[in-house]
Amino acid sequence: MRFFRPLVSILVFLAAWWGITRFTAIPGFMLPPPQSVAIALWAQRGTLFYNSLTTLSEILLGLLFGTLLGAVSAVAIVASPALQRWLMPILVLSQAIPVFALAPLLVLWLGFGIASKVVMAVLVIFFPVTANFADGLRRTDPAWLDLARTMNADGFAVMRHVRLPAAMPALASGLRVATAMAPIGAIIGEWVGASSGLGFVMINANARIQTSLMFAALVILAVLAVGLYKLVDVALRRALYWVPDSLTDETKTP
Amino acid sequence: MNTPPPGILVRNLALRFGGDVVFENLNFEVPAGRLLALLGPSGVGKTSLLRIIAGLETAASGSVMASDSAPLHGRVAYMAQQDLLLPWANLLSNVMLGATLRHEKKDIDRAAHLLSQVGLAGRERALPAALSGGMRQRAALARTLYEQRPVVLMDEPFSALDSITRARIQNLAAELLAGRTVLLITHDPMEACRLGHHLLVLSGQPARLGNAVEVHGQPPRAADDPLVLHTQGKLLNTLEAMAPE
């Protein structure tokens, strides 16, 4: 049942797509039929594979550094009210400026290579991580903190053994959002200026009206994004073994 | 635990929230090595009083002292109504939480022994979520005992349990806490009469203390002990008379 419903949804979607291309007068360069996308996928598999690797590494590196930066800022904000006053305006400002607007500048500074895209992904990712994690760190059950005080715990021990583990579910929420957003940063960066990557393939295909290839790149991007999200989701559930999960319990209760 | 535990002296204690007086001129003593049960309706300030003694809150005026005139700070263990077990840590780690938080060496053997004393042998590696409410509260009792503090403050620790589980854990607590100075907050007259050497009622607004009652015989007393039933009846009458309409 787990795979059945998504499979049906996809098949219905494909059928509708095929129907539209078959029975309407929309030209192929506007909306190619699914079969030409499949043919493009196969014919260009070498190029697509190579360029997917670029985009995937951008996304993964962005996730890694974005999460690290986000987690560190969250701990810094919560641990020190002074730091919070200094950091908060910068954090908010960094989110107020759209990443799209920064993209050309980043490409100018960091070049057409992978660095500008990783920075872009980091910019998109770190704020949801910081916001969620800081929230979780602040919301430690006060009764736990009281108990720790009667046990003569110092601030470091409370952070390390109570606040941090208690905020892990919040960090996980931030990570889930970050995982879903990471491809945005990478692709925007590639659109603005790149020498490889799925975004680069799409821009080139678009210029040459190779719409099927554009769709093929899109399909791969979707599979990458969904696959990555699923992977992160499963890993987080495993890591947070103590968090009750009402959604996965649906198989147990009738 | 080699030195005898100190008593707790509460002198002229006052607490205000905004302009409201919760209590003032509060004077009482928890005699050394005895269990004093403090009763009263909810909202009367019992928990605040306990938190002041635990050093978690500051009073508007007055003082809390140990009868041996050494500071009370660092000699108090605290047990709340919720078990407060950390859900990501197994029972053994939870019992030794104090040692972890103080960067001390952990005494696994003693923690395991305490767990077996509260009837949780074999569950050392279990997560709190895998246990019933009664088992979790017993683990919390083991964690409180692991602290080896001469003074123990308990805030309605058994009130969320069903009556049979509660009776069992009361026996266990009375047995394991014997010899320590204990202040037990409860709203259950039966619990007070079974466990307390001394009973004290706090009620009214601003809250006042009734006269201290001494219950004879060693706790835990049987629930059908005539003395328990008699004292419980008297307590209920007192509480009812003091309660507002």
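The values are calculated or read from the model by the stated rules, or taken from the named source; none is laboratory data. This one's a predicted model, so the numbers in the text were calculated from it and none came from an experiment. Cβ coordinates were reconstructed from backbone atoms using ideal geometry, including for glycine residues, and neighbour counts include every protein chain displayed.
Filter segment B:134-157 down to residues that are out of contact with any helix residue (DSSP H, G or I) (no Cβ under 7 Å at 6 or more places or on another chain) and touching a residue at least 40 places away in the same chain (Cβ under 8 Å), then give me how many there are.
8
Among residues belonging to segment B:39-50 that are under 21 Å from A:Asp146 (Cα atoms) and in contact (Cβ under 8 Å) with a residue 24 or more places away in the chain, point out the one that is surrounded by the most Cβ atoms within 10 Å (Cβ to Cβ).
Checked segment B:39-50; the qualifying residue surrounded by the most Cβ atoms within 10 Å (Cβ to Cβ) is B:Leu49.
Which number in (1) under 17 Å from A:Ile220 (Cβ atoms); (2) of a type in the set (A, V, I, L, M, F, W, C); (3) at pLDDT below 90 marks the one condition that A:Trp42 misses?
(3)
Take segment B:54-64 and flag every residue that is more than 8 Å from chain A (Cβ to nearest Cβ) and under 17 Å from B:Val182 (Cβ atoms).
B:Val64
Looking at segment A:137-157, which of its residues are over 21 Å from B:Leu50 (Cβ atoms), in a helix (DSSP H, G or I) and more than 7 Å from chain B (Cβ to nearest Cβ)?
Within segment A:137-157, A:Leu137, A:Arg138, A:Gly155, A:Phe156 meet the criteria.
Within segment A:176-202, count every residue that is under 14 Å from A:Asn51 (Cβ atoms) and in a helix (DSSP H, G or I). Spell out the reasoning first.
Here is the first cut: in segment A:176-202, the residues under 14 Å from A:Asn51 (Cβ atoms) are A:183, A:186-187, A:189-191, A:194-202.
Subset that is in a helix (DSSP H, G or I): A:183, A:186-187, A:189-191, A:198-202.
Count: 11.
Among the residues of segment B:69-116, what is the count of those that are facing chain A (nearest Cβ under 8 Å), among the aliphatic types (A, V, I, L, M) and part of a helix (DSSP H, G or I)?
Count: 2.
Quick check: anything in segment B:51-71 within 17 Å of B:Leu209 (Cα to Cα), under 17 Å from the mean Cα position of the chain (by Cα) and buried (at least 20 other Cβ atoms within 10 Å of the Cβ)?
For segment B:51-71, residues within 17 Å of B:Leu209 (Cα to Cα), under 17 Å from the mean Cα position of the chain (by Cα) and buried (at least 20 other Cβ atoms within 10 Å of the Cβ): present.
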